[in-house]
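Trainee: To start, I am sharing the structure in question, which I have written as structure tokens.
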Amino acid sequence: MSSRRRQVYEGKAKILYEGPEPGTLIQYFKDDATAFNAQKKGTINGKGVINNRISEHVFTRLAHIGIPTHFIRRLNMREQLVRQVEIIPIEVIVRNVAAGSLTKRLGIEEGEPLPHTLIEYCYKDDALGDPFVSEEEIACFNWASHEEMQDISSMAIRINDFMCGMFAAIGIRLIDFKIEFGRIWDGDFSRTILADEISPDGCRLWDIATGEKLDKDRFRRDLGGEEQAYQEVARRLGLLQDDNTPGEVFDMSAHRSRLRTSPKPKK
Ligand code: UDP
């Protein structure tokens, strides 16, 4: 299947292949999981299938509120068609509650709600371990322009607001997450769009009622049950059939206008 296609890039959790048309790529989701800058490696069975589905869902809903994204359409269980972008080499981390590296760096207790949402930037460089960088450093080394940083920070806040509500509605607290952006060139001008993926690999998601972790921290901390946790997120988002396989979700949009205009059934 993939052997005929030209591989453009292989990352830790995904492979990018040349797409069917210029300016497109196929994003393939692997089951491979890494943590602590790839010092810990493993697999989470079925993760690629679930993350493909969750990321499709989140990117589609973000597009509905006007966030431009690279997502075009899902092709099959593990692949989606996306727009080719020039990746901006910055990881954007949005935090609502203290966890992970923030707790280590500043000695704050995990689970402490933050007085307000924090946005942090890390320079994407595996050899350096994706170091924390300031906006001044981003500007100084020209990793992103001032205008791009304004677009990125305002989109990050909108994405966070939307996702906090989306997850709260299914009993999940959005603790923090990582997103990446890319440039699309049109002559000398470029647009900043959301790229990469949004899935439990790059989000911290805690069950509101029990505090249980439903994300990659299960793998990072050897808590077990990572497959079930990822499935649970997909299930609550309405993306799994009863047998826990990611099926086609019935698309109501084609039926909505008909439903609206049809008379109410009489008893
Ligand atoms: N994150 C990620 N990739 C990275 C670093 C962080 O997806 O290379 C996500 C991580 O899953 C968490 C958030 O960004 O949801 C904040 O991560 P943090 O800085 O606390 O780093 P960590 O503790 O994961 O090393």
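Trainee: Of all residues in region 37-64, which are open to solvent by 60 Å² or more (accessible area, probe 1.4 Å) and over 13 Å from the mean Cα position of the chain (by Cα)? Give the derivation first.
Mentor: Let us first name the residues in region 37-64 that are open to solvent by 60 Å² or more (accessible area, probe 1.4 Å), namely 37, 39, 41, 43, 45, 61, 64.
Result: Asn37, Gln39, Lys41, Thr43, Asn45, His64.
Trainee: Could you list all residues from region 129-147 that are open to solvent by less than 20 Å² (accessible area, probe 1.4 Å) and part of a helix (DSSP H, G or I)? Spell out how you get there, then give the answer.
Mentor: Keep residues of region 129-147 that are open to solvent by less than 20 Å² (accessible area, probe 1.4 Å), which gives 133, 138, 144.
Result: Ile138, single match.
Each row is one residue, and each column tells you yes or no for (1) more than 30 Å from Ala229 (Cα to Cα); (2) among the aromatic types (Phe, Trp, Tyr).
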{"residue": "Glu136", "(1), (2)": "yes, no"}
{"residue": "Trp143", "(1), (2)": "yes, yes"}
{"residue": "Glu148", "(1), (2)": "yes, no"}
{"residue": "Ile159", "(1), (2)": "no, no"}
{"residue": "Phe162", "(1), (2)": "no, yes"}
{"residue": "Glu180", "(1), (2)": "no, no"}
{"residue": "Phe189", "(1), (2)": "yes, yes"}
{"residue": "Leu205", "(1), (2)": "no, no"}
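Trainee: Working only within region 216-225, note down all residues that are touching a helix residue (DSSP H, G or I) at 6+ places or on another chain (Cβ under 7 Å) and open to solvent by less than 20 Å² (accessible area, probe 1.4 Å).
Mentor: Phe219 - this is the single residue of region 216-225 that is touching a helix residue (DSSP H, G or I) at 6+ places or on another chain (Cβ under 7 Å) and open to solvent by less than 20 Å² (accessible area, probe 1.4 Å).
Trainee: When only residues in region 80-109 that are assigned to a strand (DSSP E or B) and either away from the ligand (no atom under 14 Å from the Cβ) or among the hydroxyl-bearing types (Ser, Thr, Tyr) (or both) count, which is surrounded by the fewest Cβ atoms within 10 Å (Cβ to Cβ)? Give the steps one after another, and end with the answer.
Mentor: Taking region 80-109 as the starting set, the residues that turn out to be assigned to a strand (DSSP E or B) are 80-83, 86-87, 90-97.
Subsequent filtering for residues that are either away from the ligand (no atom under 14 Å from the Cβ) or among the hydroxyl-bearing types (Ser, Thr, Tyr) (or both) retains 80-83, 86.
Values: Gln80: 23, Leu81: 17, Val82: 24, Arg83: 17, Glu86: 11.
The extreme case among them is Glu86.
Trainee: Continuing with the same structure: Residues that are more than 13 Å from the ligand (Cβ to nearest atom), open to solvent by less than 10 Å² (accessible area, probe 1.4 Å) and farther than 21 Å from Arg95 by Cβ: which strands (runs of 3 or more DSSP E) entirely in region 164-212 hold 1 or more of them?
Mentor: Details: elements: 172-186, 189-195, 203-207.
Once the strands (runs of 3 or more DSSP E) in region 164-212 are filtered for at least 1 residues that are more than 13 Å from the ligand (Cβ to nearest atom), open to solvent by less than 10 Å² (accessible area, probe 1.4 Å) and farther than 21 Å from Arg95 by Cβ, what remains is 172-186, 189-195.
Trainee: Residues in region 42-79 that are part of a loop (DSSP other than H, G, I, E, B) and within 30 Å of Arg221 (Cα to Cα): how many?
Mentor: Of the residues in region 42-79, the ones part of a loop (DSSP other than H, G, I, E, B) are 44-46, 65-68, 70, 75-78.
Next, from what is left, pick out any that are within 30 Å of Arg221 (Cα to Cα): 44-46, 77-78.
Number satisfying all stated conditions: 5.
Trainee: Return the total of residues in region 20-33 being in contact with a strand residue (DSSP E or B) (Cβ under 7 Å, 6 or more places away or on another chain) and open to solvent by 20 Å² or more (accessible area, probe 1.4 Å).
Mentor: To start, the set of residues in region 20-33 that are in contact with a strand residue (DSSP E or B) (Cβ under 7 Å, 6 or more places away or on another chain) comprises 23-33.
After this cut, where a residue has to be open to solvent by 20 Å² or more (accessible area, probe 1.4 Å) as well, the list is 23, 28, 30-32.
Count: 5.
The values are calculated or read from the model by the stated rules, or taken from the named source; none is laboratory data. Note that this is a predicted model, so its numbers are computed, not measured. Using ideal geometry, Cβ is built from the backbone for each residue, glycine included, and neighbour counts are taken over all protein chains shown. What goes into the accessible areas is simple: the full protein's heavy atoms, side chains included, and nothing from ligands, DNA or RNA. Shrake-Rupley method; radii C 1.70, N 1.55, O 1.52, S 1.80 Å.
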